[in-house]
1. Using the Karplus curve 6.51 cos²θ - 1.76 cosθ + 1.60 with θ = phi - 60°, work out ³J(HN,Hα) for each residue of the range 66-77 in order, rounded to whole Hz, and write x for Gly and Pro.
2. In sequence order, what are the phi-derived ³J(HN,Hα) couplings for the range 131-144 according to the Karplus relation 6.51 cos²θ - 1.76 cosθ + 1.60 with θ = phi - 60°, rounded to whole Hz, with x for glycine and proline?
3. Ranking His186, His12 by Cβ neighbours within 10 Å, fewest first, what do you get?
4. Students often get this wrong, so try it: which of (1) 19.5, 64; (2) 17.1, 49; (3) 17.7, 54 is Rg and Dmax of the Cα atoms in Å as calculated from the structure shown?
5. What lysines sit close enough to Lys34 to cross-link, taking a C-alpha to C-alpha distance under 29 Å and skipping anything fewer than 8 places away on the same chain?
6. Can you find, among Thr128, His82, Ala70, the residue sitting farthest towards the positive end of the charge dipole of the range 63-140, where Lys and Arg contribute +1 and Asp and Glu -1 at Cβ?
7. If you take the alpha carbon radius of gyration of the range 12-117 and divide it by 2.2 N^0.38 Å, what ratio comes out, to two decimals?
8. From the gyration tensor of the Cα coordinates in the range 129-226, what semi-axes in whole Å does the equivalent ellipsoid have, largest first, with each one equal to sqrt(5λ)?
Amino acid sequence: MNPPIACCTAPHAHWPLPFALPGVVLTSNRFDPKALAVDDFQRAGIQPPASIQRSVAKRQAEFLAGRLCARSALQQLAGLDHVPAIGDDRAPIWPAGITGSITHGTGWAGAIVARSSQWQGLGLDMETLLGDERATRLAGEILTPDELARLDPAQVSLSVTLTFSIKESLFKALYPIVGKRFYFEHAEVLEWDSTGRVRMRLLTELSPQWGHGVEIDGQFSVQDEHLLSLIAIPC
């Protein structure tokens, strides 16, 4: 067992989202960049890539926290002692037969994994809720014209933050499948409700299977000032 790490709590498995998914493991922890110690990576048994070694304490701490969660999730799912490397596209490289996603917000990191025979893609994203003024200012950059037309001024903070987050989750879930980048304007949120359900639609052609008009379900939860969203694509 690795010794305690100054900047991160030990990852634990739980399900902070409203709808549990079979065969999926989610782990999370807390981290504090101000508590980062020079030997935290060594204590964790994780070799940081050069880009992380050169980065500021915040980036180092969030990377370490996320990789600790990923390793813990892989251990629980498949008994693997593995830390995903960073690919050329900056996405995590998962072991063969595994799909997953890593995210981090302010002081919180999480990772989700499943066997790729059961789930094609997973996208997890954590965001701090935007204030109403900033949400209103950013709405035109994040929302499509139809999303803007449906925007409820009384829920601008939640609506804009959710739209941003769920589109990030969609990208994380679909990019490994289609191998093509896409952006905020290439998908829209059709509807969401207080139970945490989200329905989305693609507005671009990504592959023969994933084309304009394909609809995708997601889910989200809000805890304190953070929003967590997930897109899980079954086989």
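1. Whole-Hz 3J(HN,Hα) from phi for the range 66-77: x, 5, 4, 5, 4, 4, 4, 5, 5, 4, 6, 6.
2. With the stated coefficients, the range 131-144 comes to x, 4, 5, 5, 4, 5, 5, 8, 3, x, 8, 9, 8, 6 Hz.
3. Values: His186 18, His12 11.
Ascending Cβ contact count within 10 Å gives the list His12, His186.
4. (3)
5. List returned: Lys58, Lys172.
6. His82
7. On the way: Rg = 13.6 Å, N = 106, 2.2 N^0.38 = 12.9 Å.
Expressed relative to 2.2 N^0.38 Å, the Cα Rg reads 1.05.
8. Numbers: eigenvalues 107, 40, 29 Å².
Each semi-axis is the square root of five times an eigenvalue, giving 23, 14, 12 Å.
A short reminder: the numbers here are calculations on the coordinates, not readings from a lab. The model shown is predicted, which means the values in this text are computed figures rather than measured ones. Cβ coordinates were reconstructed from backbone atoms using ideal geometry, including for glycine residues, and neighbour counts include every protein chain displayed.
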